[in-house]
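Heads up, the thing below is written out as structure tokens.
The values are calculated or read from the model by the stated rules, or taken from the named source; none is laboratory data. No experiment lies behind these values; they were computed from the predicted model shown. Using ideal geometry, Cβ is built from the backbone for each residue, glycine included, and neighbour counts are taken over all protein chains shown. Side chains included, ligands, DNA and RNA excluded: accessible areas come from the protein's heavy atoms. Shrake-Rupley method; radii C 1.70, N 1.55, O 1.52, S 1.80 Å.
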Amino acid sequence: MKITPLSPIGIFDSGIGGLLIAKEMKIQMPNEDFIYFGDTKNMPYGEKSKEFIRKNSMKIASFLYEKKCKALVIACNSIASNALDLIQKQFHKKILIFNVIDPVVKNTIFLSYKKIGIIATPATIHSNFYTKKIKRYYHHLDVVQMSTPLLAPIIENGWEMKKINPIIKNYLNHLKSIDAILLACTHYLFLKQEIENFYHGKVHLIDIQKIVVQEIKKKLSEKKLLCFHPIYNRFPIFYTSSSIPIFFEKKVRILFGRNVFLKHIFLI
């Protein structure tokens with residue numbers, strides 16, 4: 001399969017979390033075309049077994065590969081922490097593979113802190129992927145992890161913020177003596193403002209979207225696969241594995257406007 005700068009970028013997540021990574025890609029790389037897949041039928045991944053995550057992730061990655069994508073962006077921390085090795089083994093010599101963990105843990109921003117908090121899904125926490133990666137690069141850093149299983153499902157289901165806020169506060173009350181916090185689930189990026197409000201600006205929120213997309217842009221440029229010219233008459237495509245959820249469509253329209261294609265496909 002021949003890939004060129006005009007080939008699309010494939011992005012996948014368990015649901016809507018990766019939409020904010022896709023949005024940042026549109027900001028930093030406005031000429032890129034992309035295909036998004038949200039496994040809305042099986043979300044949340046955070047409570048699924050490692051075997052389930054690996055099996056389903058490979059199906060999605062294969063689907064996007066067949067769509068002639070020049071790169072895969074694993075925009076789900078649960079997938080990256082449990083299935084990255086499998087996806088890399090299958091596709092790394094064929095297309096570029098990115099995830100939302102490696103660019104973040106390698107970023108020098110961690111040199112500025114002594115103690116960070118990580119909130120994530122149970123699957124990500126149980127993998128211990130973040131702690132092992134961070135400790136490899138930053139021996140001085142004290143890392144506190146906390147599983148926050150309720151957040152991704154309620155974000156995916158479009159709960160009102162006044163109902164979510166007490167849940168956020170209950171979790172974060174256990175993470176007060178930290179310098180920075182890492183939102184290790186892309187769904188949680190929808191809660192950035194509420195988390196910043198809780199800490200009154202005294203705890204730094206690590207800007208995952210910008211760090212990840214800067215890495216993607218850099219690598220595409222190095223491989224001469226960055227698209228420098230707008231592609232006319234091509235709009236982002238958003239696939240879901242169930243009938244398109246109302247909240248998913250609403251978020252897509254808010255973030256990307258009306259000129260998008262939404263499709264559901266019984267892949268899984």
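For the stretch 178-199, indicate whether the set of residues that are within 29 Å of residue 117 (Cα to Cα), open to solvent by less than 40 Å² (accessible area, probe 1.4 Å) and of a type in the set (S, T, N, Q) is non-empty.
The answer is yes; a qualifying residue exists.
What about residue 43, is it open to solvent by 10 Å² or more (accessible area, probe 1.4 Å), over 22 Å from residue 213 (Cα atoms) and at pLDDT below 95?
Judged against the criteria, residue 43 is a match.
Condition test on residue 95, is it in contact with a Cys (Cβ under 8 Å, 6 or more places away or on another chain), touching a residue at least 24 places away in the same chain (Cβ under 8 Å), among the aliphatic types (A, V, I, L, M) and more than 22 Å from residue 43 (Cβ to Cβ)?
When the stated conditions are applied, residue 95 passes them.
Of everything in the stretch 149-205, what is of a type in the set (A, V, I, L, M, F, W, C) and free of Cβ contacts under 8 Å to residues at least 24 places away in the same chain? Give them in sequence order.
150, 154, 159, 167, listed by residue number.
Within the stretch 161-182, restricting attention to residues that are outside any loop (DSSP other than H, G, I, E, B) and either polar (S, T, N, Q) or in contact with a Cys (Cβ under 9 Å, 6 or more places away or on another chain) (or both), which residue is nearest to residue 144 (Cα to Cα)?
Among residues in the stretch 161-182 that are outside any loop (DSSP other than H, G, I, E, B) and either polar (S, T, N, Q) or in contact with a Cys (Cβ under 9 Å, 6 or more places away or on another chain) (or both), the one nearest to residue 144 (Cα to Cα) is 170.
Looking at the stretch 36-147, what strands (runs of 3 or more DSSP E) fall wholly within it and have at least 2 residues that are more than 15 Å from the chain's Cα centre (by Cα)?
Per the criteria, 115-120, 142-147.
For the stretch 220-233, state whether one or more residues are at pLDDT 90 or above, closer than 23 Å to residue 60 by Cα and crowded, with 18+ Cβ neighbours inside 10 Å.
Yes, the conditions are met somewhere in the stretch 220-233.
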